[in-house]
Amino acid sequence: MDIVDDMDDLDRRIIAALQLDGRRTFSNLADELGIPASSVRYRTKRLEDAGILQIVGIANPLAIGFDRLAMIGVRVRAGRAREVCEALAALPETSYVVMTSGRFDVMVEVICRDVAHFVDVVEHHIGALESVVSTESLFVLEVHKLAYGWGVPGLESGFTPDTVTE
């Protein structure tokens with residue numbers, strides 16, 4: 001059985017709370033949820049190990065010295081989108097890699113130091129993949145929202161990031 005099938009209301013409440021503030025302590029969450037801190041720690045670790053939850057600090061790349069943030073649409077040979085996604089996900093410059101429908105088979109977000117670094121990534125890493133047919137780059141000029149807290153579907157208690165108290 002898949003962990004997603006095993007997730008319960010408590011797992012969803014932990015995810016929702018951490019989406020709002022990933023720095024919350026296990027004891028703080030435990031007090032709010034009415035369970036022992038060891039249970040919060042165990043459940044959080046289980047969700048992380050399953051790839052459902054990742055707790056990271058998100059920084060605006062343009063504000064911390066990276067000069068090129070771009071979304072790149074990638075067209076690939078038929079039936080090769082998953083393999084291209086896997087190869088692109090392995091690149092340190094990629095922060096977002098998704099298989100899509102429509103005009104592009106894959107969309108990838110890259111973060112580069114400067115134009116030369118961007119050109120290197122596009123020419124020698126993305127464009128050099130055998131299954132890549134073409135790319136189209138869209139430079140990000142300004143970031144107006146960088147958020148990853150969208151709630152958790154299936155919460156029986158109505159617990160959403162909007163209802164989390166600090």
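The values are calculated or read from the model by the stated rules, or taken from the named source; none is laboratory data. Everything quoted here is computed from the prediction, not taken from an experiment. Virtual Cβ from ideal backbone geometry, glycine too; neighbours counted across all protein chains shown.
For ARG43, state whether it is more than 30 Å from ARG24 (Cβ to Cβ) and touching an Asp or Glu at 6+ places or on another chain (Cβ under 7 Å). Answer is no for this residue. Looking only at segment 94-125, residues that are under 14 Å from LEU138 (Cβ atoms) and outside any strand (DSSP E or B) come to 5 in all. The numbered conditions (1) more than 17 Å from the chain's Cα centre (by Cα); (2) surrounded by 13 or more Cβ atoms within 10 Å (Cβ to Cβ); (3) charged (D, E, K, R); (4) closer than 18 Å to VAL152 by Cβ are all true for ARG80 except (4). Every condition in (1) within 30 Å of SER134 (Cβ to Cβ); (2) surrounded by fewer than 15 Cβ atoms within 10 Å (Cβ to Cβ); (3) in contact (Cβ under 8 Å) with a residue 24 or more places away in the chain; (4) not acidic (Asp, Glu) holds for ARG75 except the one numbered (2). Quickly run through segment 35-79 and pick out the residues that are over 23 Å from VAL122 (Cα atoms) and charged (D, E, K, R). Listed by number, the residues that qualify are ARG41, ARG43, LYS45, ARG46, GLU48, ASP49. The residues in segment 115-166 that are modelled with pLDDT of 95 or more and polar (S, T, N, Q) can be counted, and the count is 4.
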